[in-house]
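Participant: Take this structure first; my questions come after.
The values are calculated or read from the model by the stated rules, or taken from the named source; none is laboratory data. On a predicted model such as this, the values are computed, not experimentally measured, just so you know. FYI the Cβ positions are ideal-geometry reconstructions off the backbone, even for glycines, and counts take in every protein chain you see. What goes into the accessible areas is simple: the full protein's heavy atoms, side chains included, and nothing from ligands, DNA or RNA. Shrake-Rupley method; radii C 1.70, N 1.55, O 1.52, S 1.80 Å.
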Amino acid sequence: MKSTEVTTCDQMIVELGLESLSELRKLECVCFDYHWTEEQFRLGLERRAFYVLGYLFEGILVGYLAYSMVLDEMEVLNLGVHPDFRKRGIGRELMLALLEQCRKTDVVKGLLDVKESNIPAISLYESLGFKQVGVRKKYYPDTHEDALLYDLEL
Ligand SMILES: CC(C)(COP(=O)(O)OP(=O)(O)OC[C@H]1O[C@@H](n2cnc3c(N)ncnc32)[C@H](O)[C@@H]1OP(=O)(O)O)[C@@H](O)C(=O)NCCC(=O)NCCS
């Protein structure tokens, strides 16, 4: 694990690697009904198809943010915070850490999609300046909900 930003001694944001796979998978399972497999995480991290920031509280992984970076675009792929740790600013801190990282590079645009019913996530993304730019009808395989497409000019 590589520490990217230390908030306090007990809480920090780090870049997660293959050694965190099983912890990551466990957290993903408590955050989402429809989740990535450990194999999907392993392949993605190995091939550097995406990267994962983790939020550690007293050494325990309680939040994560998976994202990709291709040329000058970043895409948020997944963001999850353990239910016992929600509404404490962790999701926001993870997003801010990613946006700060983007601003230090050549990334000029951030993209994401979110279920239309996911009010907490929509509210978080909009508060960070993401603007809705489209809708993908019945996009999600689990609920067949529409995906709202958002972007952010950096
Ligand atoms: C979405 C999620 C990551 C937010 O994480 P969090 O750590 O609880 O969020 P924060 O405490 O940082 O809150 C940041 C902002 O998000 C919004 N928000 C968070 N929870 C909310 C809720 N229950 N209702 C409405 N808005 C909410 C608010 O705008 C909040 O800002 P405020 O505290 O100033 O009001 C978390 O609810 C989660 O893991 N949900 C399940 C997985 C998921 O849906 N991920 C998103 C996939 S696109």
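Participant: Condition check: in a loop (DSSP other than H, G, I, E, B) and over 14 Å from the mean Cα position of the chain (by Cα). Does residue 123 satisfy that?
Facilitator: no
Participant: Residues in region 139-150: is at least one on the phi > 0 side of the Ramachandran plot, in a loop (DSSP other than H, G, I, E, B) and open to solvent by less than 70 Å² (accessible area, probe 1.4 Å)?
Facilitator: No, region 139-150 has no match at all.
Participant: I'm trying to understand the selection: among the residues of region 75-86, which are out of contact with any Leu (no Cβ under 7 Å at 6 or more places or on another chain) and surrounded by 21 or more Cβ atoms within 10 Å (Cβ to Cβ)?
Facilitator: Correct list: 81 only.
Participant: Sort out which residues of region 64-93 are near the ligand (Cβ under 8 Å from one of its atoms) and not in a loop (DSSP other than H, G, I, E, B), and write them in order of number.
Facilitator: 76, 78, 79, 80, 81, 83, 85, 90, 91, 92, 93
Participant: Scanning region 98-123 for residues that are within 12 Å of the ligand (Cβ to nearest atom) and closer than 23 Å to residue 14 by Cβ, which turns out surrounded by the fewest Cβ atoms within 10 Å (Cβ to Cβ)?
Facilitator: Across region 98-123, the extreme among qualifying residues is 121.
Participant: Taking only region 11-56 into account, find how many residues are modelled with pLDDT of 90 or more, among the acidic types (Asp, Glu) and open to solvent by 60 Å² or more (accessible area, probe 1.4 Å).
Facilitator: Number satisfying all stated conditions: 4.
Participant: I'm told residue 61 meets every condition in (1) part of a strand (DSSP E or B); (2) under 27 Å from residue 147 (Cα atoms); (3) touching a residue at least 40 places away in the same chain (Cβ under 8 Å) except one. Can you identify the failing condition by its number?
Facilitator: (2)
Participant: When you go through 63, 129, 89 one by one, which is the residue that is crowded, with 19+ Cβ neighbours inside 10 Å, among the small types (Gly, Ala, Ser) and modelled with pLDDT of 95 or more?
Facilitator: Only one candidate qualifies: 63.
Participant: Residue 48: on the phi > 0 side of the Ramachandran plot and assigned to a loop (DSSP other than H, G, I, E, B), yes or no?
Facilitator: Against the criterion (on the phi > 0 side of the Ramachandran plot and assigned to a loop (DSSP other than H, G, I, E, B)), residue 48 qualifies.
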